[in-house]
Each structure stands twice: as C-alpha cells, then as structure tokens.
1. I'm checking my understanding of the structure. Among residues of the range 24-60 that are without any contact (Cβ under 8 Å) to a residue 24 or more places away in the chain and among the hydrophobic types (A, V, I, L, M, F, W, C), which one is nearest to Pro13 (Cα to Cα)?
2. For the range 108-130, which residues satisfy the criterion of being more than 16 Å from Leu60 (Cα to Cα) and among the small types (Gly, Ala, Ser)?
3. Restricting attention to the range 69-82, does a residue exist that is in a loop (DSSP other than H, G, I, E, B), at pLDDT 95 or above and surrounded by fewer than 19 Cβ atoms within 10 Å (Cβ to Cβ)?
4. Quick check on Gln52: is it more than 24 Å from Arg129 (Cα to Cα) and either assigned to a helix (DSSP H, G or I) or within 14 Å of the chain's Cα centre (by Cα) (or both)?
5. Tell me which residues, restricted to the range 4-23, are touching a helix residue (DSSP H, G or I) at 6+ places or on another chain (Cβ under 8 Å) and either among the hydrophobic types (A, V, I, L, M, F, W, C) or free of Cβ contacts under 8 Å to residues at least 40 places away in the same chain (or both).
6. Applying the selection to the range 16-38, what residues are within 23 Å of Tyr94 (Cα to Cα) and surrounded by fewer than 16 Cβ atoms within 10 Å (Cβ to Cβ)?
7. Only one of Asp101, Asp119, Asp86 is over 20 Å from Thr31 (Cβ atoms) and surrounded by 18 or more Cβ atoms within 10 Å (Cβ to Cβ). Can you tell me which?
8. Considering only residues that are farther than 21 Å from Val44 by Cα, assigned to a loop (DSSP other than H, G, I, E, B) and of a type outside the set (Gly, Ala, Ser), which ones fall in the range 83-104?
Amino acid sequence: MSEKQAVSTPQAPAAIGPYSQAVRSGDFLYTSGQVGLDPVSGNVVAGGVEAQTTRAIENLKAVLEAAGTSLNNVVKTTVFLKNMADFAAMNAIYSTYFAPDGVVPPARSTVEVARLPKDALVEIEAIARI
C-alpha cells in the first residue's frame with residue numbers, strides 16, 4: 001500500500017481543521033498531535049498535566065486501535081509541553097503506557113512550546129508500525 005489513507009475514530013477528538021486524526025502510509029501510521037481533550041465534550045480535562053497526559057495518550061491509543069495497531073507498535077513520539085517543569089509528571093504517566101516491562105519504548109523528542117491548542121499543557125504525536 002503506497003497511497004495514504006485517513007484514519008479516524010469517534011473515540012478520539014474529531015479533527016477541527018484540514019487534517020486527519022492519523023494517516024496510514026504503507027506499514028506506518030502517522031498521528032496528529034493529541035491533547036487532553038475529552039472526545040465527547042471537546043473540553044480539556046481537569047486535573048493538570050497528569051490528567052491531560054493520560055487523556056492525550058488514551059486519545060492516541062484510540063486512533064492507533066482504529067488503524068489496527070497499538071501503543072506497543074509506536075516507534076517514535078514527540079511530546080510538546082507548555083512548561084518543561086511538567087516533564088517529570090508527564091514522564092511518570094507516559095512511562096506506564098509506553099514503557100511497561102518487556103516493551104521497547106519508542107524514540108522520543110520533548111520540547112517546550114509557547115502555547116498549545118485550547119491552552120492544553122501537553123500534546124503528543126506518534127508514528128507506529130501497522
């Protein structure tokens with residue numbers, strides 16, 4: 001499969017612009033960044049960076065599953081933080097999803113950014129094998 005295919009699921013927040021929740025190309029899935037938005041209400045979840053990280057990863061998980069893959073097949077993530085001081089709190093949640101015992105964690109970049117959509121504290125995007 002060489003052409004690209006859009007992937008979407010109602011289990012993650014709908015795209016609100018000219019982009020896809022994810023795009024499958026060949027044996028890889030490229031996700032758009034996910035913030036801690038509740039997919040039903042469209043609001044950022046309360047509870048700080050820990051709750052937002054959990055919700056962002058659950059949103060990613062839903063998109064990955066819609067494409068027939070999983071968190072275990074993620075090879076690269078990029079994490080965007082509003083404040084690098086939140087790194088340890090984000091990382092504690094992140095590791096439970098992406099680095100459980102026996103799983104090779106993905107490569108990762110983490111950057112601090114000035115602002116995220118809906119004033120979220122964290123956004124995470126991923127590349128996964130299908």
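The values are calculated or read from the model by the stated rules, or taken from the named source; none is laboratory data. Model, not experiment: these values are computed from the prediction. Please note: Cβ atoms are built from the backbone with ideal geometry, for glycine as well, and neighbour counts cover all protein chains shown.
1. Looking at the filtered set, the residue picked out is Val40.
2. Correct list: Ser109, Ala114.
3. We begin by selecting, within the range 69-82, every residue in a loop (DSSP other than H, G, I, E, B); these are 69-70, 82.
With at pLDDT 95 or above added as a condition, the list becomes 69-70, 82.
Still in the list and also surrounded by fewer than 19 Cβ atoms within 10 Å (Cβ to Cβ): 70, 82.
Yes - at least one qualifying residue is present in the range 69-82.
4. Numbers: more than 24 Å from Arg129 (Cα to Cα): yes; either assigned to a helix (DSSP H, G or I) or within 14 Å of the chain's Cα centre (by Cα) (or both): yes.
Judged against the criteria, Gln52 is a match.
5. Within the range 4-23, the subset touching a helix residue (DSSP H, G or I) at 6+ places or on another chain (Cβ under 8 Å) is 7-9, 11-13, 21-22.
Matches in the range 4-23: Val7, Ala12, Ala22.
6. Here is the first cut: in the range 16-38, the residues within 23 Å of Tyr94 (Cα to Cα) are 21-23, 28-38.
Passing the criteria: only Asp38.
7. Working: Asp101 fails: surrounded by 18 or more Cβ atoms within 10 Å (Cβ to Cβ); Asp119 fails: surrounded by 18 or more Cβ atoms within 10 Å (Cβ to Cβ).
Of the residues listed, the single one that is over 20 Å from Thr31 (Cβ atoms) and surrounded by 18 or more Cβ atoms within 10 Å (Cβ to Cβ) is Asp86.
8. Passing the criteria: Pro100, Asp101, Val103, Val104.
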